[in-house]
Structure formats: structure tokens, C-alpha cells
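Worksheet for the structure shown next.
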Amino acid sequence: MTASKQALTLTAALLLAGCGTLPAPAPDAPAAPQPPVVQTPPTAPTTALQLADDAHAQDAVIYALGLIGNQYRFGGRNPDSGLDCSGMVSWIFEQVAGIRLPHNAAQIARLARPVDRASLQPGDLVFFNTSGKPHSHMGIYAGEGRFIHAPSTRGKYVRTDALDSGWFAARISGLRTLRRDV
């Protein structure tokens with residue numbers, strides 16, 4: 001890799017690093033050092049990310065299937081200590097494609113391109129409005145109408161659900177892709 005490509009890759013990685021959803025520390029707790037956070041206004045256009053190889057989308061599904069049963073943990077971004085929805089997705093795509101996505105479902109939605117339901121493929125991203133905000137929950141589409149996600153403290157574990165189940169179907173707020181071939 002040339003020096004200019006390495007610099008570009010490093011710059012892109014730094015821009016995407018550290019977009020977490022953890023709550024602020026208690027006032028009496030010392031603040032932990034935080035990585036730089038890139039703040040993007042909700043209305044600002046963002047360049048869509050693309051996988052270097054569309055095969056990474058299928059790899060993401062296989063990796064996600066291997067995480068089924070892993071513990072849910074709010075703010076979690078590591079299968080060893082627990083995962084939340086965006087932490088699971090960002091962890092998986094970092095492992096299979098070498099890209100670091102923000103640890104925030106709405107920010108990931110802004111980085112991915114919209115796709116219609118007929119074009120939805122395994123490895124695409126599905127977003128839901130579960131807390132009165134679009135893109136407040138997400139998962140990875142597995143195919144055949146199912147998606148893999150880390151649902152919540154009530155769900156306790158990474159699992160699959162049907163995209164057309166009544167509860168989720170009524171809350172879909174976006175279908176997105178990182179594939180190049182769309």
C-alpha cells in the first residue's frame with residue numbers, strides 16, 4: 001500500500017472512530033479519556049461507505065450467526081463482554097471488512113445507502129424506530145425475511161427475528177446497504 005493510501009486509510013479510520021452511545025459518567029466519577037468524536041449534523045450530507053468486496057456482506061451474516069446467544073450489554077462493542085445493536089454491527093464489519101463503523105445506529109444509517117425491500121440482500125442493514133426516533137435500533141439482514149440483532153436488556157442475547165413480525169414490521173425505519181453492487 002502506498003504512503004498516500006495509508007494516510008487516507010488512517011484519516012478515514014480516525015474520522016469513524018469513537019462514535020459511541022454510552023451514557024455520560026456520573027458527575028462524581030472521573031471522566032475516562034475519550035477518542036476524538038466526529039459530530040455530523042443530522043441534515044448534513046454524508047458520503048456513503050462501501051465494502052471493498054460485496055462478499056464481505058455475506059461474511060457479516062456468517063459472523064453474526066456465530067454471535068447468536070452472546071450477551072446483550074448496553075454500550076457493548078465486544079462479544080467477550082457483551083454487545084448492543086450498533087456495537088454488534090460495528091464489531092462484525094470491522095472483523096470481516098476492516099472498516100470501523102460508528103457505535104451509533106443513526107450514524108451508521110447515514111453512512112449506508114438506502115435500498116428498497118425488493119433489493120434487500122443478506123448482509124444489508126435494517127433499522128427500526130424503537131424509542132420514538134428513527135434508526136434507534138438496528139440489525140443485519142440474514143435473508144429469507146430474518147435479521148440478526150442484539151435486541152435489548154429484555155432480549156438479553158443476540159438472536160434472530162422475522163422482519164415481518166408484527167412488532168418489528170410496524171417499526172422499520174430504514175433499509176440500508178454497504179454493498180457496492182446496488
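For the subset of segment 99-130 comprising residues that are basic (Lys, Arg) and either crowded, with 23+ Cβ neighbours inside 10 Å or in contact with a strand residue (DSSP E or B) (Cβ under 8 Å, 6 or more places away or on another chain) (or both), which member is nearest to ALA57 (Cα to Cα)?
ARG113
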Considering segment 162-182 alone, what residues qualify as being modelled with pLDDT under 95 and either of a type in the set (Ser, Thr, Tyr) or part of a strand (DSSP E or B) (or both)?
SER165
Looking only at segment 137-151, which residues are surrounded by fewer than 20 Cβ atoms within 10 Å (Cβ to Cβ) and of a type outside the set (Lys, Arg)?
GLY143, GLU144, GLY145, PRO151
Among residues of segment 152-161 being assigned to a strand (DSSP E or B) and out of contact with any Lys or Arg (no Cβ under 8 Å at 6 or more places or on another chain), the residue surrounded by the most Cβ atoms within 10 Å (Cβ to Cβ) is ARG159
Go through the residues of segment 171-182 one by one and say whether even a single one is of a type in the set (Gly, Ala, Ser) and either farther than 22 Å from ALA48 by Cα or open to solvent by 70 Å² or more (accessible area, probe 1.4 Å) (or both).
no
Condition met for GLY155 (within 24 Å of ILE62 (Cβ to Cβ) and at pLDDT 95 or above):
no
For segment 59-98, name all the residues that are open to solvent by 50 Å² or more (accessible area, probe 1.4 Å), touching a residue at least 60 places away in the same chain (Cβ under 8 Å) and over 21 Å from LEU111 (Cα atoms).
LEU65, ILE68, GLN71, PHE74
Take the residues in segment 72-111 that are of a type in the set (Lys, Arg) and over 20 Å from THR160 (Cα atoms), then tell me which one is modelled with the highest pLDDT.
ARG110
Would you pick out the residues in segment 69-102 that are assigned to a loop (DSSP other than H, G, I, E, B) and closer than 27 Å to ASP181 by Cβ?
GLY98, ILE99, ARG100, LEU101, PRO102
Kindly provide the set of residues from segment 145-171 that are touching a helix residue (DSSP H, G or I) at 6+ places or on another chain (Cβ under 9 Å), in contact (Cβ under 8 Å) with a residue 40 or more places away in the chain and under 20 Å from PRO134 (Cα atoms), ordered by number.
ILE148, HIS149, ALA150, PRO151, SER152
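The values are calculated or read from the model by the stated rules, or taken from the named source; none is laboratory data. Just so it is clear, the structure is predicted and the values come from calculations on it, not from any experiment. Reconstructed Cβ throughout: ideal geometry from the backbone, glycine too, with neighbour counts over all protein chains shown. Areas reflect the complete protein model, heavy atoms only, side chains present, ligands, DNA and RNA absent. Shrake-Rupley method; radii C 1.70, N 1.55, O 1.52, S 1.80 Å.
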